[in-house]
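J.: Take this structure, written in structure tokens, and hold onto it; I'll ask about it next.
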Amino acid sequence: MSMPSIVHRLEFKVLPYGMKSLKLLHISDLHLTPKKKGLLSFIYTWGDLHPDLIISTGDHIAHKDAISPLLEALRPLSHVPGFFVFGSNDYFAPTLKNPLRYLFPITSGVARGRKLPTKILESGLQSLGWKLLHDEIVKIIIKGVRVELRGTNDAHLGFDSYEKSRGLRSSSDLNIGVTHAPYHRVLEAFTLDGVDLILAGHTHGGQIRIPWWNGSRALTTNCDLPKWRARGFTSVPGQAPLHVSAGLGSSPLHPPRFLNPPSVTLIDIVDLSQGITSL
């Protein structure tokens, strides 16, 4: 029996004093197949969270026939501003590989299965009013808050080309960097351009975690991100704060998750009079 999906709550203080707060729904790594009825039912509940902004950090599908049910489940959220990037499994279906390879350092690259209809997925998400952020800088005003977003294509496949949209942040109230796989080169590029927050996925929170002092520990991130940063909000000196979604699914060829329930995160973006609190 699969684990039930959960909603994590997080507060992030960054907005100028007195500004209205924003609810940002961060979703990632659905790896949806037509058989995942429970996941589709969970997606239908997201409207009850009343987000002001939705950001997806990729790996939406794992099967070509999952696109239509995904779009149908997301349709009730089409009135909410949404932005997305793609991961490797938005381009290529999963393929069998030795799971032990995940325990060794990875610089980039992935074994590729058959091609998926990425353009159909892209057009479908855009039909919801969502915006693809690959090598783009987009500005939008939400509840009076000036939001600037920039994103990259998938770094795990080596598709990222951030230099195309490089540039210091504007006078926005909130600047967000969006990528699928949180490789060091992407995090550093976002940081140099002054983003307030970086959102990523890809790691599945380590997918398989082991019991550890006061919690659990990831065995891998499947990229060059340190394992202790495999999920949730983390910060290191000299780098923009990072939120890595543990994601909602996994490859149907490597499905188990342990000590690591599938999840989405609702981030309350608040003004500087408040604090950062994991709920």
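The values are calculated or read from the model by the stated rules, or taken from the named source; none is laboratory data. Predicted, not measured: the structure shown is a model, and the values here were computed from it. Counting neighbours? That spans all protein chains shown, and the Cβs are built from the backbone with ideal geometry, glycine included.
J.: Find all pairs meeting these conditions: Cβ atoms under 6 angstrom apart; at least six residues apart or on different chains; first residue within segment 206-230 and in contact (Cβ under 8 Å) with a residue 12 or more places away in the chain and within 12 Å of Phe258 (Cβ to Cβ); second residue among the hydroxyl-bearing types (Ser, Thr, Tyr) and surrounded by fewer than 19 Cβ atoms within 10 Å (Cβ to Cβ).
T.: Between residues of segment 206-230 that are in contact (Cβ under 8 Å) with a residue 12 or more places away in the chain and within 12 Å of Phe258 (Cβ to Cβ) and residues that are among the hydroxyl-bearing types (Ser, Thr, Tyr) and surrounded by fewer than 19 Cβ atoms within 10 Å (Cβ to Cβ), the close pairs are Arg209/Ser216.
J.: Regarding segment 176-187, can at least one residue be identified that is in contact (Cβ under 8 Å) with a residue 12 or more places away in the chain, closer than 23 Å to His63 by Cα, among the β-branched types (Val, Ile, Thr) and assigned to a strand (DSSP E or B)?
T.: Narrowing segment 176-187 to residues in contact (Cβ under 8 Å) with a residue 12 or more places away in the chain: 176-187.
Checking which are closer than 23 Å to His63 by Cα leaves us with 179-181.
Checking which are among the β-branched types (Val, Ile, Thr) leaves us with 179.
Going one step further and asking which of them are assigned to a strand (DSSP E or B), we end up with none.
For segment 176-187, residues in contact (Cβ under 8 Å) with a residue 12 or more places away in the chain, closer than 23 Å to His63 by Cα, among the β-branched types (Val, Ile, Thr) and assigned to a strand (DSSP E or B): absent.
Residue-by-condition table, conditions (1) farther than 19 Å from Ile120 by Cβ; (2) touching a Lys or Arg at 6+ places or on another chain (Cβ under 7 Å); (3) surrounded by fewer than 20 Cβ atoms within 10 Å (Cβ to Cβ):
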{"position": "Ser21", "(1), (2), (3)": "yes, no, yes"}
{"position": "Ser28", "(1), (2), (3)": "yes, no, no"}
{"position": "Thr57", "(1), (2), (3)": "yes, no, no"}
{"position": "Ile61", "(1), (2), (3)": "no, no, no"}
{"position": "Leu71", "(1), (2), (3)": "no, no, yes"}
{"position": "Leu74", "(1), (2), (3)": "no, no, no"}
{"position": "Phe84", "(1), (2), (3)": "no, no, no"}
{"position": "Phe92", "(1), (2), (3)": "no, yes, yes"}
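J.: Taking Thr265 and the conditions (1) crowded, with 18+ Cβ neighbours inside 10 Å; (2) without any contact (Cβ under 8 Å) to a residue 60 or more places away in the chain; (3) of a type in the set (Val, Ile, Thr), which numbered condition does it fall short on, given that it satisfies the others?
T.: (2)
J.: Oh, and also: Collect the residues in segment 3-20 that are of a type outside the set (Val, Ile, Thr) and in contact with a Pro (Cβ under 8 Å, 6 or more places away or on another chain), keeping them in residue-number order.
T.: Met3, Pro4, Ser5, Phe12
J.: On to the next question. Given the criterion in contact with a Gly (Cβ under 6 Å, 6 or more places away or on another chain) and polar (S, T, N, Q), identify the matching residue among Ser245, Ser250.
T.: Of Ser245, Ser250, the one residue that is in contact with a Gly (Cβ under 6 Å, 6 or more places away or on another chain) and polar (S, T, N, Q) is Ser245.
J.: May I pose another question? Filter segment 154-205 for residues that are crowded, with 24+ Cβ neighbours inside 10 Å and of a type in the set (Ser, Thr, Tyr); which is nearest to the chain's Cα centre (by Cα)?
T.: So the residue we want is Thr179.
J.: Working only within segment 236-274, note down all residues that are polar (S, T, N, Q), at pLDDT 95 or above and out of contact with any helix residue (DSSP H, G or I) (no Cβ under 9 Å at 6 or more places or on another chain).
T.: Once the filter is applied, which keeps residues that are polar (S, T, N, Q), at pLDDT 95 or above and out of contact with any helix residue (DSSP H, G or I) (no Cβ under 9 Å at 6 or more places or on another chain), segment 236-274 yields only Thr265.
J.: Hey, among the residues in segment 16-38 that are modelled with pLDDT of 95 or more and aliphatic (A, V, I, L, M), which one's farthest from Asp196 (Cα to Cα)?
T.: Leu32
J.: Then there's this: Being under 27 Å from Ile269 (Cα atoms) and in contact with a Leu (Cβ under 9 Å, 6 or more places away or on another chain) is the filter here, so list the residues in segment 1-18 that pass it. Can you show your working first?
T.: Keep residues of segment 1-18 that are under 27 Å from Ile269 (Cα atoms), which gives 4-18.
Within segment 1-18, Ser5, Val7, His8, Arg9, Leu10, Glu11, Phe12, Lys13, Val14, Leu15, Pro16, Tyr17 qualify.
J.: Quickly run through segment 138-175 and pick out the residues that are within 18 Å of Leu15 (Cα to Cα), part of a loop (DSSP other than H, G, I, E, B), without any contact (Cβ under 8 Å) to a residue 40 or more places away in the chain and among the charged types (D, E, K, R).
T.: Passing the criteria: only Arg169.
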